[in-house]
Each structure stands twice: as C-alpha cells, then as structure tokens.
Amino acid sequence: MKHTISVLVENKFGVLARIAGLFSGRGYNIDSLSVAETIDPTVSRMTIVAHGDDRVIEQITKQLNKLIDVIKVQDYAGEHFMERELILVKIHTTSQTRPEVMQIVDIFRGKIIDVGHSYVTVELTGTEDKVDALIGLLKPFGIRELVRTGRIAIARK
C-alpha cells in the first residue's frame with residue numbers, strides 16, 4: 001500500500017541525506033520525494049511516498065521521529081488530504097498531430113508552455129491518476145522527454 005508521509009524538518013545541511021539513508025539502510029524504497037522550505041525559512045517540508053504495510057510505515061515513522069532535525073512526522077493514510085503532482089512533458093508533433101495533442105491537453109486542463117517545429121511542451125498539475133492518464137494518451141504521439149515532481153500533499157483539517 002502506498003503511504004504519503006509529511007515530515008517537517010529543520011532546514012539544515014545533511015537532513016535530506018540522513019532521512020534518505022534511514023530508508024535505504026532499512027531496505028525501504030522511496031517512490032517519490034519532494035522537499036521545499038515552508039513559510040518559515042528555517043523549516044522545510046518533505047513529502048515522501050513509500051510502499052509498505054501499516055507495520056512497516058509505523059516503524060519508519062518511529063525512526064523518523066528519533067532523528068534530531070525532525071520536527072513532526074505525519075502519515076496521511078486514513079486522513080483527508082489533498083495531493084498534486086506536476087509534470088512537464090515534451091511531445092513529438094507534426095502539423096497534422098499538433099491540433100489533436102492540443103485538444104487532449106485542453107481536456108485535461110493542462111497548458112502548452114512551449115512550441116517548436118516538431119514538438120510541444122505541456123505542463124499539467126493533478127492527481128497521480130490524472131497525470132498517468134494524460135501520459136497514456138500522449139504516448140502514441142511520441143514522448144521526447146518527461147519530468148515529474150512527485151507527490152506533494154497537505155492535510156484538509
């Protein structure tokens with residue numbers, strides 16, 4: 001089962017490496033990781049997506065809480081939260097296929113952010129399912145390049 005874990009940490013050198021090391025040292029894989037400062041520049045929020053059953057995630061959460069620079073750990077499993085992912089994708093197009101690509105992007109409420117002679121670059125924000133659906137529809141045109149941010153999340157309460 002995928003878990004989304006929010007970790008507030010002190011914005012210090014080496015914190016990311018220690019947290020990534022905690023996961024790798026115990027044989028757990030991180031599916032996605034997003035890190036940025038919060039409103040307070042001395043605090044960063046990490047959004048970590050990892051697979052594991054409740055026992056494994058509970059163990060990870062306990063280990064994270066033991067780290068000195070960790071302020072708060074929250075597993076969003078079973079809670080109401082909002083999540084988004086951002087992608088930038090460069091799609092091969094011709095003059096014949098460009099209108100169809102643009103129509104698909106429009107249906108998904110994405111944005112064309114760059115156009116070249118043989119490609120368009122698209123920006124899309126949405127849930128993982130929405131992002132995956134768009135990618136699936138654009139694959140037949142030929143995806144030249146794809147960049148994903150990974151999941152970010154915030155509790156609704």
Problem set entry | Contact order normalised by residue count of the chain, Cα under 8 Å, 6+ apart, percent | 28
Problem set entry | Taking region 82-155 and dividing mean pair separation by its residue count, relative contact order in percent (alpha carbons under 8 Å, at least six apart) | 51
For this session: Report the label-to-label distance for L86 and T38 in nanometres (one decimal), using points 7 Å from each Cα along the Cα→Cβ vector.
Result: 2.0
For this session: Find the centroid of the Cα atoms in region 36-92 and in region 114-157, then give the distance between the two in whole Å.
Result: 21
Seminar exercise, completed: Taking every C-alpha to C-alpha distance in the chain and binning by 10 Å from 0, the per-bin percentages run 10, 34, 26, 20, 10, 1
For this session: Mind giving me the nanometre distance, one decimal, between the label points for D129 and K157, set 7 Å out from Cα along Cα→Cβ?
Result: 2.4
Seminar exercise, completed: Looking only at lysines whose Cα falls under 21 Å of K90's and that sit 8 or more positions away or on another chain, we get K111, K130, K139
For this session: Give me I60, I143, I68 ranked fewest to most by other Cβ atoms within 10 Å of their Cβ, as a rough exposure proxy.
Result: I68, I143, I60
Problem set entry | Residue-averaged [θ]222 nm for the chain, counting only DSSP H segments that reach four residues, each worth -39500 (n - 2.57) | -8500 deg cm²/dmol
For this session: Would you mind calculating the gained length between L137 and T94 on full extension (0.36 nm times residue separation, minus the Cα-Cα distance), in nm to one decimal?
Result: 13.9 nm
Exercise. Taking the Cα atoms of region 1-76, what is the range of coordinates along each of the three principal axes, in descending order and whole Å?
Worked result: 33, 22, 18
Exercise. Regarding region 82-155, what are the three Cα extents along the principal axes, ordered largest first, in Å?
Worked result: 44, 20, 19
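We did not get these values from a lab; they are worked out from the coordinates using the rules stated. Just so it is clear, the model here is predicted, and its values are computed rather than measured. Note that we place each Cβ from the backbone using ideal geometry, even for glycine, and neighbour counts take in every protein chain shown.
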